[in-house]
Structure formats: C-alpha cells, structure tokens
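So the structure is just underneath, and the comments pick up after that.
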Amino acid sequence: MGDTFIRHIELLGYEKRFFPSQHYVYMFLVKWNDLSEKVVYRRFTEIYEFHKALKEMFPIESGDINIENRIIPHLPAPKWFDGQRSTENRQGTLAEYCYTLINLPHKISRCLHVVSFFKVRHDDMNPVTDSQIKKPEVFLLPKDSKKNPTDITGPIVLQTYRAIADYEKSSTSEMSLKAGDMVDVVEKSENGWWFCQLKNKRGWVPAAYLEPMDGPDESEEQEPNYAGEAYMVWKSYTAVEEDELTLKEGDTIEVIHKLLDGWWVIRKDETTGYYPAMYLQKAGEVNTSVKSEQRNRSAPPRRSTIRNVKSIHKQGRKQISQETYRRNSKKYIQNQRNLRGNSQNKANVIVEKNEPEGNKPKAQPAVPPRPSKDLIVNRCTESTR
C-alpha cells in the first residue's frame, strides 16, 4: 500500500457512446490526497468485476464467513443486456456504493486494488472516438440525487463555449487553452472554475476565459440582491485591485451579487467590493472537505484582468460599476432604516392606544381663563342696579 489514496469519489453521471458500438460508461470525479481531481470512465461490468475481486480479498468484511460482519456494500450483478434504463436506474446505488467504499477502514479504502482501479487510464484521457459516429450523449446526475436517485437531467447537449484568450494551466487538474478553442462545459462551479472537455482533453478552466457562443451576456448570472445574503470569510485575502476588499478569516459579510467568474460583490458594513467566492462560506454552513481542499488553491482570474481579450461579440458584457453597487447598497440600507423607524413609531402608537386605563396618567382638570377687567367692572355695575 503506497502513500497515494483517494479522498472522495463523486458520480457525475453517464455517457451513451456509439463507438465501436453502442454502450454506456459511468463518469466519476476522483479526488486524490494530493488535491488533484481526475475524471475517469468505467463500464458497469468493470465495476462489478472490481467489486467481486475486492470481496475475495476481504472475505470477513464482505460477509462470506459471517454475514453479520459485512461492511463492504452490496452491488447488484449486471443484467444480461444493460440498456439505458438499467444504466440510469443504477446511478443512485452506484453513488452510494462509492461513498461507502471510500469511508471503509483504510486497509480496504486505501488498498492497491481500489487505488489502481480508479487511477486515470490512457483511454480516460484519450477516449476512442470516430468522427463518422455521432457525438456521445451525456446524462448528468442532479445535485439532489440522494433524494431522487432515478431523476436525471438527460439526454443533454453540453454547452459549448469559446476561449477569449490563451490560458496556461498551473496544475495537473487544469486544462490549457488557446484563444478560439471551443470547449464543452461539463460542470459549472460557483467558485469560478468550470470542468471542461476539449476533444480528448479534460480539466478545470477559469470561467473568466470563456464566452458563450450565442452572446456575451450570461442569462444564468443573477441580478444584484442588495438585501444581501449572510456569509462568513473562511480564508483571508489581500486586495490586489482597487475595487476588491481585504478581509480576514472569520469576518462576516453580505453577498449582494454572485458573478459566474467566481468573484462576488460583497458588502462589509457600508463598503462594497469584489472578493473570491471560493473563500466564502454561507453563514451557519458546516465546513466541508471541498472547502478545506480549496484553501491551498488560488482564486481564479477575474474577467476584468484578462488582457488582449478576443471576443467574437461586438457588444461587450454588461458591467455594473463599483460606484453603482455602493450607491444602490447605501440606498437600500437607508430605506430599511427608515422602514424600521416607521415601524417602531407605529408600534409605539399602538402600545399607547392599547395601554390599560389604570396605567395612563390622570388628565388634570382644565383651568378656566381669568376674566378680564372690563368683564368684572360690567358685572359689578349690573349688580348695583
């Protein structure tokens, strides 16, 4: 058993391939202890053969000696003919199998058999394709797959994006790009890193370097939310550009605009600015292994910092100035204060109206006005008559 081991395996979905004949392969995102992430493709027959060998290696843990000692999860045998429906329905079971497998004792989860099976192969990086055969259909597992294991998205056509500038990868899990490259986006992460494929290459790419083919504006990008969403800073960052904020770990902030390049506009008190989304954590959310892994990863580049951008669209992206963010944010905060002040005044009026009579101060009797001198003289004259 070596030092290399798998930290996490995530089932992304499956592909329907047509070369050399129609068949199905499952897509797994494998996260290793060196923080690298690789996508591998395996047929179910391969997975089942791996499972049988694992049981033979650990007869006690597989329950072959005593069923009560079994900790290795069950896996149903492949059918005589595995079609799309069985491939689809098996996803929930397979996702649970991988989760349980990696959380078994280290002698099983980190054994050479497990590590070798999920290592990247040549055909993972260079899948066999034929230009005369139609492109594989991709079926992605939804995020809430645990609740609905049979509810899938496919078949889907992956979105095609174009690189607007050259990008040189800085780690083995990333992918280099040349301006004009056309890539298919498999997964979009909020942190600004997207998992893409380009012919036989796959890897993470900064979203800032990609533009959709149909226009510069992203329909998925949300509108600003000046009410703000509570987040906490879990990794410090020192501002490089003037419109960024410097914050330290543990600071509480409000997110007012989530942008696809992974740089969100946040508000600290009444100050706004950009901050890397991957260094933020939703208030009350438990820290995850993914967040811990990102601690050692650099933030993706911002769209505004990319030089010599070669866009195919004449009209540029619609951008909001930082001054507009600040002005609208202050306006919202002031409106909220005014509303709270008005609500408090109304509440005080209601309290006064509903206060019991015994608690109210007694009204003093009205003092009659003093009569004038002329009035007194007239009354005396009348009395003497």
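The values are calculated or read from the model by the stated rules, or taken from the named source; none is laboratory data. From a predicted model like this one, the values you see are computed outputs, not experimental measurements. Cβ placement follows ideal geometry from the backbone for every residue including glycine, while neighbour counts extend to all protein chains displayed. For accessibility, only protein heavy atoms count, side chains too; no ligands or nucleic acids. Shrake-Rupley method; radii C 1.70, N 1.55, O 1.52, S 1.80 Å.
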Practice task
Just give me the residues in the stretch 158-175 being open to solvent by 30 Å² or more (accessible area, probe 1.4 Å) and either within 17 Å of A299 (Cβ to Cβ) or within 24 Å of the chain's Cα centre (by Cα) (or both), in sequence order.
Solution key: Q159, T160, R162, E168, K169, S170, S171, T172
Fill in the blank from the handout: Contact list, first residue from the stretch 283-308 and open to solvent by 60 Å² or more (accessible area, probe 1.4 Å), second anywhere and at pLDDT 80 or above and among the basic types (K, R), beta-carbon distance below 7 Å, six or more apart or interchain, is S289/R7; R295/K235
Practice task
With the checklist (1) free of Cβ contacts under 8 Å to residues at least 12 places away in the same chain; (2) open to solvent by less than 20 Å² (accessible area, probe 1.4 Å) in hand, flag the one item E49 doesn't pass.
Solution key: (2)
Exercise for the section: Run I306 past the list (1) among the hydrophobic types (A, V, I, L, M, F, W, C); (2) at pLDDT below 80; (3) within 28 Å of the chain's Cα centre (by Cα) and report the number of the one that doesn't hold. Expected result: (2)
Practice task
Check whether at least one residue in the stretch 71-85 is open to solvent by 60 Å² or more (accessible area, probe 1.4 Å) and modelled with pLDDT of 90 or more, and report yes or no.
Solution key: yes
Handout entry: Residue identified as open to solvent by 90 Å² or more (accessible area, probe 1.4 Å), at pLDDT 65 or above and outside any loop (DSSP other than H, G, I, E, B) among E323, E382
Key = E323
Handout entry: Near pairs, Cβ below 9 angstrom, 6+ apart or cross-chain, from the stretch 52-68 (among the small types (G, A, S)) to any residue that is part of a loop (DSSP other than H, G, I, E, B)
Key = S62/R70; S62/I71; S62/I72; G63/R70; G63/I71; G63/I72
Exercise for the section: Any chance you could count how many residues in the stretch 72-120 are assigned to a loop (DSSP other than H, G, I, E, B), hydrophobic (A, V, I, L, M, F, W, C) and either touching a residue at least 40 places away in the same chain (Cβ under 8 Å) or in contact with a strand residue (DSSP E or B) (Cβ under 8 Å, 6 or more places away or on another chain) (or both)? Expected result: 4
Handout entry: Residue match in the stretch 79-99 (condition: under 27 Å from Q197 (Cα atoms), touching a Pro at 6+ places or on another chain (Cβ under 9 Å) and acidic (D, E))
Key = yes
Completion exercise
With criteria (1) surrounded by fewer than 19 Cβ atoms within 10 Å (Cβ to Cβ); (2) within 20 Å of I333 (Cα to Cα), T238 comes up short on (2)
Practice task
Quick one: which residue in V30, V25 is part of a strand (DSSP E or B), open to solvent by less than 20 Å² (accessible area, probe 1.4 Å) and without any contact (Cβ under 8 Å) to a residue 24 or more places away in the chain?
Solution key: V25
Handout entry: Qualifying positions in the stretch 86-114 - among the β-branched types (V, I, T) and surrounded by fewer than 17 Cβ atoms within 10 Å (Cβ to Cβ)
Key = T93, T100
Problem - Hey, S109 over 33 Å from the mean Cα position of the chain (by Cα), outside the structural domain of R202 (by the TED database) and not β-branched (V, I, T) or not - result: no
Practice task
State whether one or more residues within the stretch 52-67 are open to solvent by less than 20 Å² (accessible area, probe 1.4 Å) and closer than 25 Å to G13 by Cβ.
Solution key: yes
Exercise for the section: For F58, state whether it is assigned by the TED database to the domain that holds E88 and either modelled with pLDDT under 90 or of a type in the set (V, I, T) (or both). Expected result: no
